[in-house]
1. Using a basic spin-label model with each label point 7 Å from the Cα along Cα→Cβ, how many nm lie between residue 198 and residue 57?
2. Excluding residue 200 itself, what net charge comes from residues whose Cβ is under 12 Å from its Cβ, given Lys and Arg +1 and Asp and Glu -1?
3. Give the total of Lys-Lys pairs in segment 34-182 with Cα-Cα distances below 14 Å; include a pair only if its members are 8 or more places apart or on different chains.
4. Helix 213-225: angle to the longest alpha-carbon principal axis of the chain, degrees 0 to 90, nearest 10?
5. Leaving out ligands, DNA and RNA, and with a 1.4 Å probe, what % of the accessible surface on segment 162-251 is carbon or sulfur?
6. So for segment 200-244, considering every pair of alpha-carbon atoms, how many percent are separated by more than 14 Å?
7. Hey, any idea what % of segment 16-134's accessible area is carbon plus sulfur with a 1.4 Å probe?
8. Given a 1.4 Å probe, how much area per residue of segment 42-153 is accessible, in Å²?
Amino acid sequence: MKKIVLVSGATSGIGRACALKFGKAGYRVIANGRNAERLSALSGQLDAEGIEHIVMLADVRDREALHKAILDLPEEWKNIDVLINNAGLALGLEPEYEGDFADWDTMIDTNIKGLLSMTRFIVPGMVERGEGMVINIGSVAGDAAYAGGNVYCATKAAVKTITDGLRIDLAATPVRVTNIKPGLVETNFSNVRFHGDTERADNVYKGIDPLTGDDIADVALYAAQAPAHVQIAEVLVLATNQGNGSVIVRK
Ligand code: NDP
Ligand code: 8X3
(Lines give C-alpha, C1' and ligand atoms only; values in the text may rest on other atoms or scores of the structure.)
(Ligands and ions follow the chains in the order given, each with its own letter.)
Protein backbone atom coordinates (compact mmCIF):
# COMPACT_ATOMS: atom_id res chain seq x y z
CA MET A 1 0.00 0.00 0.00
CA LYS A 2 1.43 3.40 -1.00
CA LYS A 3 2.07 5.84 1.84
CA ILE A 4 0.15 9.10 2.08
CA VAL A 5 1.73 12.52 2.60
CA LEU A 6 -0.28 15.65 3.43
CA VAL A 7 1.52 18.86 2.48
CA SER A 8 0.12 22.16 3.75
CA GLY A 9 0.68 25.21 1.55
CA ALA A 10 1.48 22.97 -1.42
CA THR A 11 0.67 25.51 -4.14
CA SER A 12 4.08 27.19 -4.22
CA GLY A 13 7.76 26.99 -3.31
CA ILE A 14 8.88 24.40 -0.77
CA GLY A 15 5.40 22.88 -0.39
CA ARG A 16 4.98 22.41 -4.11
CA ALA A 17 8.45 20.86 -4.35
CA CYS A 18 7.58 18.45 -1.51
CA ALA A 19 4.31 17.42 -3.19
CA LEU A 20 6.16 16.66 -6.43
CA LYS A 21 9.19 15.01 -4.79
CA PHE A 22 7.16 12.75 -2.49
CA GLY A 23 4.75 11.97 -5.33
CA LYS A 24 7.59 10.93 -7.63
CA ALA A 25 9.01 8.80 -4.80
CA GLY A 26 5.75 6.83 -4.73
CA TYR A 27 3.68 8.60 -2.08
CA ARG A 28 0.04 9.44 -2.60
CA VAL A 29 -0.27 13.18 -2.06
CA ILE A 30 -2.89 15.28 -0.28
CA ALA A 31 -2.12 18.81 -1.45
CA ASN A 32 -3.48 21.53 0.81
CA GLY A 33 -3.86 25.13 -0.27
CA ARG A 34 -6.21 28.01 0.30
CA ASN A 35 -6.50 29.19 -3.28
CA ALA A 36 -8.68 27.04 -5.54
CA GLU A 37 -7.11 28.27 -8.76
CA ARG A 38 -3.55 27.62 -7.58
CA LEU A 39 -4.58 24.21 -6.25
CA SER A 40 -6.09 23.32 -9.58
CA ALA A 41 -2.87 24.39 -11.38
CA LEU A 42 -0.85 22.22 -8.99
CA SER A 43 -3.26 19.33 -9.53
CA GLY A 44 -2.57 19.62 -13.28
CA GLN A 45 1.19 19.40 -12.63
CA LEU A 46 0.76 16.38 -10.36
CA ASP A 47 -1.45 14.74 -13.01
CA ALA A 48 1.19 15.41 -15.66
CA GLU A 49 3.72 13.56 -13.48
CA GLY A 50 1.29 10.68 -12.95
CA ILE A 51 1.14 11.36 -9.22
CA GLU A 52 -1.88 9.97 -7.39
CA HIS A 53 -3.28 12.88 -5.40
CA ILE A 54 -6.24 14.80 -4.09
CA VAL A 55 -6.46 18.47 -3.20
CA MET A 56 -7.65 19.80 0.14
CA LEU A 57 -8.89 23.38 -0.04
CA ALA A 58 -8.57 25.00 3.39
CA ASP A 59 -6.96 28.02 4.97
CA VAL A 60 -4.94 26.64 7.88
CA ARG A 61 -5.95 29.70 9.93
CA ASP A 62 -9.61 28.69 9.80
CA ARG A 63 -9.62 25.94 12.41
CA GLU A 64 -13.22 24.88 11.85
CA ALA A 65 -12.95 24.75 8.05
CA LEU A 66 -9.63 22.92 8.32
CA HIS A 67 -11.16 20.34 10.66
CA LYS A 68 -14.08 19.83 8.29
CA ALA A 69 -11.74 19.43 5.31
CA ILE A 70 -9.80 16.75 7.20
CA LEU A 71 -12.96 14.96 8.35
CA ASP A 72 -14.27 15.09 4.76
CA LEU A 73 -11.22 13.32 3.31
CA PRO A 74 -12.28 10.17 1.45
CA GLU A 75 -11.96 7.06 3.64
CA GLU A 76 -9.01 5.71 1.61
CA TRP A 77 -7.10 8.97 2.16
CA LYS A 78 -7.58 9.28 5.92
CA ASN A 79 -4.55 7.31 7.15
CA ILE A 80 -1.92 9.98 6.68
CA ASP A 81 1.65 8.67 7.06
CA VAL A 82 3.57 11.94 6.75
CA LEU A 83 2.32 15.42 7.61
CA ILE A 84 4.43 18.27 6.24
CA ASN A 85 3.49 21.47 8.03
CA ASN A 86 4.82 23.90 5.46
CA ALA A 87 2.17 26.63 5.03
CA GLY A 88 3.66 29.84 6.32
CA LEU A 89 4.83 33.30 5.49
CA ALA A 90 6.70 36.40 6.52
CA LEU A 91 5.08 39.80 6.16
CA GLY A 92 7.17 42.96 6.36
CA LEU A 93 10.69 43.71 7.52
CA GLU A 94 9.97 46.79 9.63
CA PRO A 95 11.51 47.46 13.01
CA GLU A 96 9.34 45.91 15.71
CA TYR A 97 8.27 49.29 17.07
CA GLU A 98 6.87 50.19 13.63
CA GLY A 99 5.36 46.80 12.76
CA ASP A 100 1.92 46.26 11.31
CA PHE A 101 -0.61 44.61 13.66
CA ALA A 102 -2.44 42.84 10.83
CA ASP A 103 0.83 41.40 9.49
CA TRP A 104 1.75 40.16 12.96
CA ASP A 105 -1.65 38.49 13.40
CA THR A 106 -1.43 36.78 10.01
CA MET A 107 2.05 35.39 10.72
CA ILE A 108 1.12 34.16 14.18
CA ASP A 109 -2.20 32.69 13.00
CA THR A 110 -0.58 30.87 10.06
CA ASN A 111 2.91 29.89 11.19
CA ILE A 112 2.04 28.94 14.76
CA LYS A 113 -1.69 28.40 15.20
CA GLY A 114 -2.27 26.86 11.75
CA LEU A 115 0.60 24.42 12.28
CA LEU A 116 -0.75 23.53 15.72
CA SER A 117 -4.29 22.97 14.44
CA MET A 118 -3.09 20.69 11.65
CA THR A 119 -0.94 18.75 14.12
CA ARG A 120 -3.77 18.42 16.63
CA PHE A 121 -6.15 17.09 13.96
CA ILE A 122 -3.79 14.64 12.25
CA VAL A 123 -1.42 13.24 14.88
CA PRO A 124 -4.00 11.35 17.03
CA GLY A 125 -4.64 9.05 14.03
CA MET A 126 -0.90 8.39 13.74
CA VAL A 127 -0.68 7.51 17.44
CA GLU A 128 -3.70 5.23 17.14
CA ARG A 129 -2.25 3.40 14.12
CA GLY A 130 1.24 3.28 15.64
CA GLU A 131 2.98 4.90 12.69
CA GLY A 132 3.52 8.31 11.21
CA MET A 133 5.74 11.30 10.91
CA VAL A 134 5.46 15.06 11.24
CA ILE A 135 7.85 17.33 9.35
CA ASN A 136 7.61 20.97 10.33
CA ILE A 137 9.18 23.64 8.14
CA GLY A 138 10.86 25.95 10.64
CA SER A 139 13.64 28.32 9.64
CA VAL A 140 17.11 29.59 10.43
CA ALA A 141 15.05 32.65 11.42
CA GLY A 142 13.96 30.69 14.49
CA ASP A 143 17.55 30.32 15.71
CA ALA A 144 18.12 34.03 16.30
CA ALA A 145 16.40 37.29 15.45
CA TYR A 146 17.75 39.36 12.56
CA ALA A 147 17.11 43.01 11.73
CA GLY A 148 13.43 43.52 10.96
CA GLY A 149 12.73 39.81 11.47
CA ASN A 150 11.22 40.24 14.96
CA VAL A 151 7.76 38.62 14.80
CA TYR A 152 8.53 36.28 11.88
CA CYS A 153 11.63 35.03 13.71
CA ALA A 154 9.53 34.57 16.85
CA THR A 155 7.01 32.43 14.96
CA LYS A 156 9.82 30.18 13.71
CA ALA A 157 11.34 29.99 17.20
CA ALA A 158 7.87 28.87 18.29
CA VAL A 159 7.89 26.22 15.55
CA LYS A 160 11.16 24.90 17.00
CA THR A 161 9.76 24.70 20.54
CA ILE A 162 6.43 23.25 19.38
CA THR A 163 8.30 20.62 17.33
CA ASP A 164 10.54 19.73 20.27
CA GLY A 165 7.49 19.50 22.54
CA LEU A 166 5.69 17.19 20.12
CA ARG A 167 8.77 14.97 19.79
CA ILE A 168 8.99 14.66 23.56
CA ASP A 169 5.27 13.91 23.87
CA LEU A 170 5.50 11.22 21.18
CA ALA A 171 8.72 9.64 22.44
CA ALA A 172 6.87 6.57 23.70
CA THR A 173 5.34 6.01 20.24
CA PRO A 174 6.75 5.11 16.79
CA VAL A 175 5.73 8.57 15.46
CA ARG A 176 8.76 10.64 14.41
CA VAL A 177 9.05 14.43 14.43
CA THR A 178 11.41 16.58 12.36
CA ASN A 179 12.11 20.31 12.19
CA ILE A 180 13.71 21.43 8.93
CA LYS A 181 15.19 24.92 9.22
CA PRO A 182 15.99 26.34 5.77
CA GLY A 183 18.03 29.45 5.13
CA LEU A 184 17.64 31.49 1.98
CA VAL A 185 15.33 29.63 -0.43
CA GLU A 186 14.22 31.31 -3.64
CA THR A 187 10.43 30.94 -3.76
CA ASN A 188 7.50 33.34 -3.64
CA PHE A 189 8.43 34.01 0.01
CA SER A 190 10.05 37.45 -0.46
CA ASN A 191 7.36 38.57 -2.87
CA VAL A 192 4.81 37.85 -0.15
CA ARG A 193 7.02 39.43 2.54
CA PHE A 194 7.28 42.67 0.56
CA HIS A 195 3.61 42.68 -0.42
CA GLY A 196 4.28 42.17 -4.14
CA ASP A 197 7.28 44.52 -4.50
CA THR A 198 9.07 42.20 -6.95
CA GLU A 199 12.17 44.39 -7.31
CA ARG A 200 12.77 44.32 -3.56
CA ALA A 201 12.01 40.60 -3.50
CA ASP A 202 14.47 39.87 -6.34
CA ASN A 203 17.22 41.73 -4.48
CA VAL A 204 17.06 39.20 -1.65
CA TYR A 205 18.51 36.55 -3.97
CA LYS A 206 21.01 38.77 -5.84
CA GLY A 207 24.71 37.87 -5.70
CA ILE A 208 24.18 34.55 -3.95
CA ASP A 209 23.27 31.09 -5.14
CA PRO A 210 20.17 30.50 -3.00
CA LEU A 211 18.60 27.21 -2.06
CA THR A 212 15.61 25.94 -4.03
CA GLY A 213 12.38 24.36 -2.85
CA ASP A 214 13.69 21.14 -4.34
CA ASP A 215 16.74 21.22 -2.03
CA ILE A 216 14.46 21.35 1.00
CA ALA A 217 12.14 18.66 -0.40
CA ASP A 218 15.22 16.41 -0.74
CA VAL A 219 15.91 16.79 2.98
CA ALA A 220 12.27 16.13 3.88
CA LEU A 221 12.21 12.98 1.77
CA TYR A 222 15.49 11.79 3.28
CA ALA A 223 14.04 12.20 6.77
CA ALA A 224 10.83 10.40 5.78
CA GLN A 225 12.71 7.51 4.16
CA ALA A 226 15.15 6.99 7.04
CA PRO A 227 14.72 3.62 8.77
CA ALA A 228 11.93 3.54 11.36
CA HIS A 229 14.38 3.63 14.27
CA VAL A 230 16.05 6.82 12.94
CA GLN A 231 14.46 10.13 13.89
CA ILE A 232 16.00 13.12 12.10
CA ALA A 233 15.12 15.58 14.84
CA GLU A 234 16.33 18.83 13.31
CA VAL A 235 18.17 19.95 10.17
CA LEU A 236 19.58 23.42 9.45
CA VAL A 237 20.05 23.89 5.69
CA LEU A 238 21.84 27.03 4.53
CA ALA A 239 22.97 28.36 1.17
CA THR A 240 26.73 27.86 0.92
CA ASN A 241 27.51 31.59 1.12
CA GLN A 242 25.27 32.06 4.14
CA GLY A 243 26.66 31.89 7.67
CA ASN A 244 23.40 32.24 9.60
CA GLY A 245 20.17 34.25 9.36
CA SER A 246 22.07 37.56 9.20
CA VAL A 247 25.35 36.76 7.46
CA ILE A 248 24.92 36.45 3.71
CA VAL A 249 28.00 37.00 1.55
CA ARG A 250 27.10 38.28 -1.91
CA LYS A 251 29.37 38.41 -4.96
P1 NDP B 1 5.86 30.47 -0.78
O2 NDP B 1 5.24 31.81 -0.60
O3 NDP B 1 6.42 30.13 -2.11
O4 NDP B 1 4.84 29.33 -0.36
C5 NDP B 1 4.06 29.42 0.81
C6 NDP B 1 2.88 28.48 0.69
O7 NDP B 1 2.12 28.54 1.90
C8 NDP B 1 1.94 28.89 -0.45
O9 NDP B 1 1.44 27.73 -1.07
C10 NDP B 1 0.85 29.62 0.29
O11 NDP B 1 -0.39 29.66 -0.38
C12 NDP B 1 0.76 28.77 1.54
N13 NDP B 1 0.01 29.43 2.59
C14 NDP B 1 0.26 30.63 3.17
N15 NDP B 1 -0.68 30.90 4.09
C16 NDP B 1 -1.54 29.85 4.09
C17 NDP B 1 -2.71 29.54 4.80
N18 NDP B 1 -3.21 30.38 5.71
N19 NDP B 1 -3.35 28.37 4.55
C20 NDP B 1 -2.86 27.50 3.61
N21 NDP B 1 -1.76 27.76 2.90
C22 NDP B 1 -1.11 28.91 3.13
O23 NDP B 1 7.01 30.39 0.32
P24 NDP B 1 7.99 29.20 0.76
O25 NDP B 1 7.76 27.98 -0.04
O26 NDP B 1 9.33 29.75 0.82
O27 NDP B 1 7.48 28.97 2.25
C28 NDP B 1 7.08 27.72 2.77
C29 NDP B 1 7.51 27.61 4.21
O30 NDP B 1 8.93 27.67 4.29
C31 NDP B 1 7.01 28.74 5.11
O32 NDP B 1 6.61 28.19 6.35
C33 NDP B 1 8.23 29.63 5.30
O34 NDP B 1 8.19 30.34 6.48
C35 NDP B 1 9.32 28.58 5.29
N36 NDP B 1 10.66 29.05 4.99
C37 NDP B 1 10.94 29.68 3.81
C38 NDP B 1 12.23 30.12 3.55
C39 NDP B 1 12.61 30.88 2.32
O40 NDP B 1 13.71 31.49 2.30
N41 NDP B 1 11.81 30.86 1.27
C42 NDP B 1 13.32 29.82 4.49
C43 NDP B 1 12.90 29.18 5.71
C44 NDP B 1 11.63 28.78 5.93
P45 NDP B 1 -0.86 30.99 -1.19
O46 NDP B 1 0.00 31.02 -2.42
O47 NDP B 1 -2.30 30.75 -1.42
O48 NDP B 1 -0.58 32.15 -0.28
C1 8X3 C 1 13.07 32.32 5.76
C2 8X3 C 1 14.54 32.56 5.81
O3 8X3 C 1 16.30 34.19 6.60
O4 8X3 C 1 14.57 35.01 5.09
O5 8X3 C 1 12.61 31.80 6.95
O6 8X3 C 1 14.05 34.54 7.37
S7 8X3 C 1 14.86 34.15 6.24
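1. About 2.7 nm separates the two model spin labels.
2. -1
3. Eligible lysine pairs with Cα atoms under 14 Å apart amount to 5.
4. 40 degrees
5. Answer for segment 162-251: carbon and sulfur cover 53 percent of the accessible area.
6. 60 percent
7. 48 percent
8. Working: 5220 Å² over 112 residues.
For segment 42-153, the per-residue accessible area is 47 Å².
The values are calculated or read from the model by the stated rules, or taken from the named source; none is laboratory data. Note that the structure is predicted; figures quoted are calculated from it, not measured. When we count neighbours, we look across all protein chains shown, and the Cβ atoms used for this are built from the backbone with ideal geometry, even at glycine. Accessible surface areas use protein heavy atoms only, side chains included; no ligands, DNA or RNA. Shrake-Rupley method; radii C 1.70, N 1.55, O 1.52, S 1.80 Å.
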